[in-house]
1. If we scan segment 162-170, do we find a residue that is modelled with pLDDT under 95 and in contact with a strand residue (DSSP E or B) (Cβ under 6 Å, 6 or more places away or on another chain)?
2. Given the criterion touching a helix residue (DSSP H, G or I) at 6+ places or on another chain (Cβ under 7 Å), surrounded by 11 or more Cβ atoms within 10 Å (Cβ to Cβ) and under 21 Å from residue 140 (Cβ atoms), identify the matching residue among 94, 61.
3. Looking for something at pLDDT 90 or above and in a loop (DSSP other than H, G, I, E, B) - is there at least one such residue anywhere in segment 46-63?
4. Just to verify a result, which residue in segment 98-117, among those that are surrounded by 15 or more Cβ atoms within 10 Å (Cβ to Cβ) and over 22 Å from residue 81 (Cβ atoms), is modelled with the highest pLDDT?
5. State yes or no: is residue 167 in a loop (DSSP other than H, G, I, E, B), loosely packed, with under 12 Cβ neighbours inside 10 Å and in contact with a helix residue (DSSP H, G or I) (Cβ under 8 Å, 6 or more places away or on another chain)?
6. Which condition number in (1) in a loop (DSSP other than H, G, I, E, B); (2) over 20 Å from the mean Cα position of the chain (by Cα); (3) in contact (Cβ under 8 Å) with a residue 24 or more places away in the chain is the one that residue 95 fails?
7. All but one of (1) assigned to a loop (DSSP other than H, G, I, E, B); (2) within 18 Å of residue 163 (Cα to Cα); (3) modelled with pLDDT of 85 or more hold for residue 30, so report the exception by its number.
8. Out of segment 64-85, which residues are out of contact with any helix residue (DSSP H, G or I) (no Cβ under 8 Å at 6 or more places or on another chain) and within 15 Å of residue 141 (Cα to Cα)?
């Protein structure tokens, strides 16, 4: 689903969700059209600044389906930071992150083997505090691997959990701010 309400002639957009969004609702921490998972929608324009432009880093956790040839050495490189190309063709070294190899994720994420059996894969769980454009995909390329599937599962303590695809979970503003660990 494209992380906007209008603008594309093709594809699913937020405006197609069966929910009466208040005027001024916008997405925070957008996902690219190849990614899945938790997306924050709010009418509070302060949230973006408090969450992603703050001097206090905020954790985001993702599941990554990647090629099976990922090694512990690759994971250690990713943990310590790898060089990627960012907008403006600049070289950027990513901040240290938490990353681990995991078993197939819980059924709550509706994970199915979407790859041909001849293409073995592994799952990783990564938590980072920065989010450059396509950062995780570029990090995987930096260790000679490929991000085949990317699912954001949480931002701080706000979790996707068992929320079905295309559905909305509402929070009281105070609870929302507490889960995101930002000042209300």
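1. The answer is no, given that none of the residues of segment 162-170 is modelled with pLDDT under 95 and in contact with a strand residue (DSSP E or B) (Cβ under 6 Å, 6 or more places away or on another chain).
2. Working: 61 fails: touching a helix residue (DSSP H, G or I) at 6+ places or on another chain (Cβ under 7 Å).
None of the other options fit; the residue is 94.
3. Let us first name the residues in segment 46-63 that are at pLDDT 90 or above, namely 58-63.
Applying the additional criterion that residues be in a loop (DSSP other than H, G, I, E, B) yields 58-59.
The answer is yes; a qualifying residue exists.
4. 105
5. Details: in a loop (DSSP other than H, G, I, E, B): yes; loosely packed, with under 12 Cβ neighbours inside 10 Å: yes; in contact with a helix residue (DSSP H, G or I) (Cβ under 8 Å, 6 or more places away or on another chain): no.
Answer is no for this residue.
6. (2)
7. With respect to (1) assigned to a loop (DSSP other than H, G, I, E, B); (2) within 18 Å of residue 163 (Cα to Cα); (3) modelled with pLDDT of 85 or more, residue 30 is out only on (3).
8. Of segment 64-85, the ones out of contact with any helix residue (DSSP H, G or I) (no Cβ under 8 Å at 6 or more places or on another chain) are 65, 67-76, 79-81.
Of everything in segment 64-85, those that are out of contact with any helix residue (DSSP H, G or I) (no Cβ under 8 Å at 6 or more places or on another chain) and within 15 Å of residue 141 (Cα to Cα) turn out to be 65, 67, 68, 69, 70, 71, 73, 74, 75, 76, 79, 81.
The values are calculated or read from the model by the stated rules, or taken from the named source; none is laboratory data. No experiment lies behind these values; they were computed from the predicted model shown. Virtual Cβ from ideal backbone geometry, glycine too; neighbours counted across all protein chains shown.
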